[in-house]
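**Student:** Pasting in a structure now, in C-alpha cells, and then I'll have a few things to ask.
The values are calculated or read from the model by the stated rules, or taken from the named source; none is laboratory data. Quick caveat: nothing in here was measured; it's all calculated off a predicted structure. A quick note on method: Cβ atoms are made from the backbone with ideal geometry, for glycine too, and the neighbour counts reach across all protein chains shown.
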Amino acid sequence: MSDPARPTSTAAETPRKSASTEAVVPRPSTENVHRRRRAHRKHRGVGMIWSALAWIVGLGFFFPVLWMVLTAFKHEREAYTDPPTLLFTPTLDQFQAVLGSGMGLTLLNSAFATAVSTACVLALGIPAAFALSLRPVKRTQDVLFFFISTKMLPIVAVIIPLYVIVNEIGMLDNIWALIVLYTAMNLPIAIWMMRSFFLEVPPELLEAASMDGASLATAVRRVILPLVSPGIAATALICVIFSWNEFFFAVNLTAVRAQTAPVSLVGFITGEGLFWARLSAASTLAALPVVIAGWIAQNKLVRGLSFGAIK
C-alpha cells in the first residue's frame, strides 16, 4: 500500500518542471538591449533624413506654383523688382483685369468642353473596358493594341487633315469640334485604365448576382460599378486634366467664340511687354478648377491609382 502522507511522483515533479521551464526562458542581456536601441535610433535617424529630403524636393517642385500665386496678388511694379519683393500689400486688381478682359468666357468654354468630353469618355470607355476584362471578346489583345495605337501618331502630324475636315463641315471655332477631339484623345487611355481596374474584380461576383436573379445590367450597376468607383474617379480626373490643359487643338481650331483658357493665356504676352502679375493671375485662375477637382476626388484618387496597379 502506498503511504498517503507521501506525495505522488506526479505531484512532486510538477514544481520541478515549472521551475525548469522558468529557468529556460531567455532573458535579453544588457548588451543586446543597447544594440537594439542603437539600431532603432539609427533607423529613425535615417528615416528623418529621407523625410527631410522628400520635403525639400516637394517644396522645390511646389515653389514655382507658390510664386505664381503670390505674384498674382502683386502690382506690376512689385512683380518686376530685383531682388523680388517678399513683403507687399495684396491686391485683387490683377484678377479683376483678367476677368474684365474676357477670360471668364474662355474658362466657361474649357469647363464645358472638359465636362462633356469626360462624360462621353466614361460613357464609351466603361462598357468597352468591361467587355475587354470581365466579358473578353475574341482577339482582345488586338483590340487593345488598336486602341493604344491611336496615341502613337504625333498630334502635329494630323493637324492639317483635321483642320481641312473641320473647315469643310463648318465646325471651325466651334466648341463641339473640340469635344469630339478631346473624347477621341482620352478614350484609349480611359479604356486601358478602366480595364486594369475591372480585372481586379472577381468574376464570381457576376455569377453570384446572376444566380440571385439579377440581370447583367443590374449586376454591373449595383455590384461592379461601386467596386471600381475609385478607378472611375481616377480615370475621370486624368481625362479632366488632359482636356483642360490641351493647347494644340484649341489654338489651331478656335479663334474667338470657342477659345479655351490655355489659349487665352497667350494673349497676355503682347508687344507692349510681358505683364507678369496679370499673367500670374490668369494662370492661377486657369489652374484653380483642376486643383479643386483633384482636392474633391483625392480620397478616391489615391485608391484608384493603386487599385489596378498590383495583382
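**Student:** Residue 181 versus (1) surrounded by fewer than 20 Cβ atoms within 10 Å (Cβ to Cβ); (2) within 16 Å of residue 248 (Cβ to Cβ): which is the lone unmet condition?
**Tutor:** For residue 181, the failing item is (1).
**Student:** Return the only residue of 113, 79, 54, 123 being among the aliphatic types (A, V, I, L, M), under 26 Å from the mean Cα position of the chain (by Cα) and surrounded by 14 or more Cβ atoms within 10 Å (Cβ to Cβ).
**Tutor:** 113
**Student:** Right, here's the next one. Report every pair of residues separated by at least 6 positions or lying on different chains whose Cβ atoms are under 7 Å apart, first residue within region 167-182 and part of a loop (DSSP other than H, G, I, E, B), second surrounded by fewer than 16 Cβ atoms within 10 Å (Cβ to Cβ) and among the small types (Gly, Ala, Ser).
**Tutor:** If the second residue must be surrounded by fewer than 16 Cβ atoms within 10 Å (Cβ to Cβ) and among the small types (Gly, Ala, Ser), the pairs left are 173/255.
**Student:** Out of 119, 113, 131, I need the residue that is touching an Asp or Glu at 6+ places or on another chain (Cβ under 9 Å) and closer than 30 Å to residue 191 by Cβ. Which one? If you could, list the steps in order and put the result at the bottom.
**Tutor:** On the way: 119 fails: touching an Asp or Glu at 6+ places or on another chain (Cβ under 9 Å); 131 fails: touching an Asp or Glu at 6+ places or on another chain (Cβ under 9 Å).
Within the list 119, 113, 131, the selection yields 113.
**Student:** Looking at region 70-109 only, could you name the residues that are in a helix (DSSP H, G or I), among the charged types (D, E, K, R) and in contact with a helix residue (DSSP H, G or I) (Cβ under 6 Å, 6 or more places away or on another chain)? It would help to see each step written out before you state the result.
**Tutor:** Start the filter on region 70-109 by keeping residues that are in a helix (DSSP H, G or I), which leaves 70-72, 76-79, 93-109.
Checking which are among the charged types (D, E, K, R) leaves us with 76-78, 93.
Of everything in region 70-109, just one residue is in a helix (DSSP H, G or I), among the charged types (D, E, K, R) and in contact with a helix residue (DSSP H, G or I) (Cβ under 6 Å, 6 or more places away or on another chain), namely 76.
**Student:** Looking at 284, 260, which one is touching a helix residue (DSSP H, G or I) at 6+ places or on another chain (Cβ under 6 Å), at pLDDT 90 or above and more than 24 Å from residue 172 (Cβ to Cβ)?
**Tutor:** Testing whether each residue is touching a helix residue (DSSP H, G or I) at 6+ places or on another chain (Cβ under 6 Å), at pLDDT 90 or above and more than 24 Å from residue 172 (Cβ to Cβ) leaves just 284.
**Student:** I've got another one for you. Yes or no: residue 265 within 22 Å of the chain's Cα centre (by Cα) and crowded, with 16+ Cβ neighbours inside 10 Å?
**Tutor:** When the stated conditions are applied, residue 265 does not pass them.
**Student:** Given the structure, is residue 220 among the aliphatic types (A, V, I, L, M), surrounded by 14 or more Cβ atoms within 10 Å (Cβ to Cβ), out of contact with any strand residue (DSSP E or B) (no Cβ under 6 Å at 6 or more places or on another chain) and modelled with pLDDT of 85 or more? Before the answer, list the steps.
**Tutor:** On the way: among the aliphatic types (A, V, I, L, M): yes; surrounded by 14 or more Cβ atoms within 10 Å (Cβ to Cβ): yes; out of contact with any strand residue (DSSP E or B) (no Cβ under 6 Å at 6 or more places or on another chain): yes; modelled with pLDDT of 85 or more: no.
So residue 220 does not fit the description; no.
**Student:** Residues of region 116-161 being among the aliphatic types (A, V, I, L, M), outside any helix (DSSP H, G or I) and modelled with pLDDT of 80 or more, which ones?
**Tutor:** Applying the first criterion (among the aliphatic types (A, V, I, L, M)) to region 116-161 yields 116, 119, 121-124, 126, 128-129, 131-132, 134, 137, 143-144, 148, 152-153, 155-160.
From what's left, outside any helix (DSSP H, G or I): 134, 137, 152-153, 158.
Within region 116-161, 152, 153, 158 qualify.
**Student:** Now, a different point. So residue 272 fits all but one of (1) more than 18 Å from residue 185 (Cβ to Cβ); (2) at pLDDT 90 or above; what number is the exception?
**Tutor:** All conditions pass for residue 272, except number (2).
**Student:** Working carefully through the options 14, 21, find the one that is surrounded by 10 or more Cβ atoms within 10 Å (Cβ to Cβ), out of contact with any strand residue (DSSP E or B) (no Cβ under 6 Å at 6 or more places or on another chain), at pLDDT below 80 and in a helix (DSSP H, G or I).
**Tutor:** From the options 14, 21, the qualifying one is 14.
**Student:** I would also like to ask the following. Residues in region 219-260 that are farther than 11 Å from residue 113 by Cβ and in a helix (DSSP H, G or I): how many?
**Tutor:** 27
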